[in-house]
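K.L.:
Let me begin by handing over the structure; questions about it come next.
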Amino acid sequence: MTDQEIIGLIDSSLQEEFELEAKIMTPEASFYDDLGLDSLDVVDMVIVLEAAFGFKIREEEAIRSIRTLGDLHAFVIAKKRKLEGTA
Amino acid sequence: MRVRRVVITGMGAISPFGRGAEALVAALYAGRSGVVTFPDLGQVGGMRCRVAALVPQIDPLEIPRKFRRSMSALSIYATLAASDALTQAGLGEAARASGDMGVVLGSTIGSPGTIQEFFEDYLTDRSLERMRSTLFFQIMNHSGAANVAQALGITGRILAPSAACSTGCQAVGYGYEMIALGKQETMLCGGADEFHPLTAATFDVMNAVSTGYNDRPSATPRPFDRDRDGVVCAEGCGILLLESLDSALRRGAMILAEIVGFACVTDTSNIANPNAESMERCMRLALHDAGVAAADVAYVNAHATATAQGDVAEAEAIHAVFGGDVPVSSLKGHIGHTMAASGAIELIGTIAMMERGELIATHNLDHVDPACAMIRHARPRERREIGAAVKNNFALGGVNASLVLRRYRA
């Protein structure tokens, strides 16, 4: 997957799960303040991403510092690349 | 101890006839049936029943996702019906958040469909890694009550009675008592259930479900009819907004009816089989609570689900209390058995009869079973001034409940 394909899959997965409008899906958008998600949604976001990408991220320490959609894009891209490197 | 008068100032329904108490009442008076053939029931091994009364497509999107994410169908039905009842009563956000409004709403169980979906996935590898955080809120026994309170911002008392077919009747009764005792000013009361094939299966294994009209769904169920062959399972929600008379008068609210009596008793003779003596005791206690004489009751809305034993036992009990002159009907011939919702949904029909002075006869009652002929069955479009009415619900588990309603008089 290219970076753009990864970002596209992240955004479309979150849009569907949380009924988000495409226009607010900017890299700067914060999950709590701009996308209106809460702690329950963040739990489900991990499940949605694990299903979409076929990896496990629930126990990753780095996930706790994710604040914006851009942070998430970077985290998932890095995770995918790391997995590809070890494959 | 204060005992205050309690009136009804709002109603909401989600029924096999769609959204709205008005749609429900119009269909009942039009003699429509909400029962349809549901071939999916054939996927359950051993199931003989192929009919059900299902809620048509309801748009849930007016409920914000933040609240909808924790709702199964029954909570969606309940939230929309509760919202409609509040609108009719003219009660807004301030009243809901005042602490003076509560919720009494129950279902037979939490969402059976959601439970099935979860276990189908969970049992593949017994992993919790795919479990959504909102799953529990959809399957907990107080899912309907909690979701209504959360979505509508209702901050007073909350109770989720669960007594199968008597749930809605109990909810109204317990809400009535809380207001009568001065604990709350208003209560949203009712029941909600969503259809699942295992609901029909429950009655099928007890030989209590309709199986002989699979090709003629509108001809079943047939309460009190000699050719009845059992329950038709249905879904929906009925909500009544109960209010202290003082509050209703202070607000200038339109009063739809007054609740004057309630009783609930346990029939310990058998967990499944109906017992006429227990039903009679329940109705007599409700009348005593109301201070209303049996002779002053002008109409009885029966539980009558169209089972072989239940209809006969109820007819015997009604005859013992009221004799053979008071008109009786069951609304399950139109809408099937909406389970936990049935008490509240059928109360809405009963209130409509009180308002219009015109009875709704039992749908599909073509030939009265001789064993049920000792009571007087309401005639189609019969004119009747109803000063007081009794509403019965009798549930598996031996939970019998009766309410007494009266036309409001100052």
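The values are calculated or read from the model by the stated rules, or taken from the named source; none is laboratory data. These figures come from a predicted structure and were not determined experimentally. Every residue, glycine as well, gets a Cβ built from its backbone with ideal geometry; the counts of neighbours run over all protein chains shown.
K.L.:
Please state which of the following conditions A:Y32 fails to meet, knowing it meets all the rest: (1) within 14 Å of another protein chain (Cβ to nearest Cβ); (2) in contact with an Asp or Glu (Cβ under 9 Å, 6 or more places away or on another chain); (3) surrounded by 15 or more Cβ atoms within 10 Å (Cβ to Cβ).
P.N.:
For A:Y32, the exception is condition (3).
K.L.:
Being in a strand (DSSP E or B) and among the charged types (D, E, K, R), is that true of even one residue in the range B:176-189? Break it down into steps so the answer makes sense when it comes.
P.N.:
Residues of the range B:176-189 in a strand (DSSP E or B): B:186-189.
Filter once more, keeping what is among the charged types (D, E, K, R): none.
The answer is no, given that none of the residues of the range B:176-189 is in a strand (DSSP E or B) and among the charged types (D, E, K, R).
K.L.:
Another one. Select from the range A:42-57 the residues that are more than 8 Å from every other protein chain (Cβ to nearest Cβ) and part of a helix (DSSP H, G or I) and list them in ascending order. Before the answer, list the steps.
P.N.:
Let us first name the residues in the range A:42-57 that are more than 8 Å from every other protein chain (Cβ to nearest Cβ), namely A:42, A:45-46, A:48-49, A:52-55, A:57.
Listed by number, the residues that qualify are A:V42, A:M45, A:V46, A:V48, A:L49, A:A52, A:F53.
K.L.:
Please specify each residue of the range B:55-69 satisfying the condition of being assigned to a loop (DSSP other than H, G, I, E, B) and not acidic (D, E). Reasoning before the result, please.
P.N.:
Initially, the range B:55-69 is screened for residues assigned to a loop (DSSP other than H, G, I, E, B), giving B:55-64, B:69.
Within the range B:55-69, B:V55, B:P56, B:Q57, B:I58, B:P60, B:L61, B:I63, B:P64, B:R69 qualify.
K.L.:
Condition first: surrounded by 15 or more Cβ atoms within 10 Å (Cβ to Cβ), among the charged types (D, E, K, R) and either without any contact (Cβ under 8 Å) to a residue 40 or more places away in the chain or in a strand (DSSP E or B) (or both). Now tell me which residues in the range B:365-410 satisfy that.
P.N.:
Within the range B:365-410, B:R376, B:K391, B:R406 qualify.
K.L.:
So which residues in the range B:111-136 are closer than 17 Å to B:N147 by Cβ, more than 14 Å from every other protein chain (Cβ to nearest Cβ) and part of a helix (DSSP H, G or I), if there are any at all?
P.N.:
Within the range B:111-136, the subset closer than 17 Å to B:N147 by Cβ is B:111-115, B:132-136.
If we keep only those that are more than 14 Å from every other protein chain (Cβ to nearest Cβ) too, we end up with B:111-115.
Passing the criteria: B:P112, B:G113, B:T114, B:I115.
K.L.:
Can you run down the residue pairs with Cβ atoms below 6 Å, 6 or more apart or on separate chains, where the first is in the range B:123-143 and in the same structural domain as B:S111 (by TED's automatic domain parsing) and the partner is among the charged types (D, E, K, R) and part of a loop (DSSP other than H, G, I, E, B)?
P.N.:
These pairs meet every condition: B:T134/B:R69.
K.L.:
Condition test on A:E60, is it within 12 Å of another protein chain (Cβ to nearest Cβ), of a type outside the set (F, W, Y) and surrounded by 11 or more Cβ atoms within 10 Å (Cβ to Cβ)?
P.N.:
Values: within 12 Å of another protein chain (Cβ to nearest Cβ): no; of a type outside the set (F, W, Y): yes; surrounded by 11 or more Cβ atoms within 10 Å (Cβ to Cβ): yes.
No.
K.L.:
Restricting to the range B:7-40, name every residue that is buried (at least 24 other Cβ atoms within 10 Å of the Cβ) and either assigned to a strand (DSSP E or B) or free of Cβ contacts under 8 Å to residues at least 12 places away in the same chain (or both).
P.N.:
Within the range B:7-40, B:V7, B:I8, B:T9, B:G10, B:M11, B:G12, B:A13, B:I14, B:S15 meet the criteria.
K.L.:
So is B:T199 crowded, with 19+ Cβ neighbours inside 10 Å and not assigned by TED's automatic domain parsing to the domain that holds B:G398 or not?
P.N.:
Values: crowded, with 19+ Cβ neighbours inside 10 Å: yes; not assigned by TED's automatic domain parsing to the domain that holds B:G398: yes.
Here the answer is yes, as B:T199 does meet what is asked.
K.L.:
Also, I was wondering about something else. I'd like the residue in the range B:105-132 that is among the hydroxyl-bearing types (S, T, Y) and closer than 30 Å to B:M187 by Cβ and, out of all such residues, is surrounded by the most Cβ atoms within 10 Å (Cβ to Cβ).
P.N.:
So in the range B:105-132, the residues among the hydroxyl-bearing types (S, T, Y) come out as B:107-108, B:111, B:114, B:122, B:124, B:127.
Within this subset, residues satisfying the condition of being closer than 30 Å to B:M187 by Cβ are B:107-108, B:111, B:114.
Numbers: B:S107: 31, B:T108: 24, B:S111: 25, B:T114: 23.
Among those that are among the hydroxyl-bearing types (S, T, Y) and closer than 30 Å to B:M187 by Cβ, it is B:S107.
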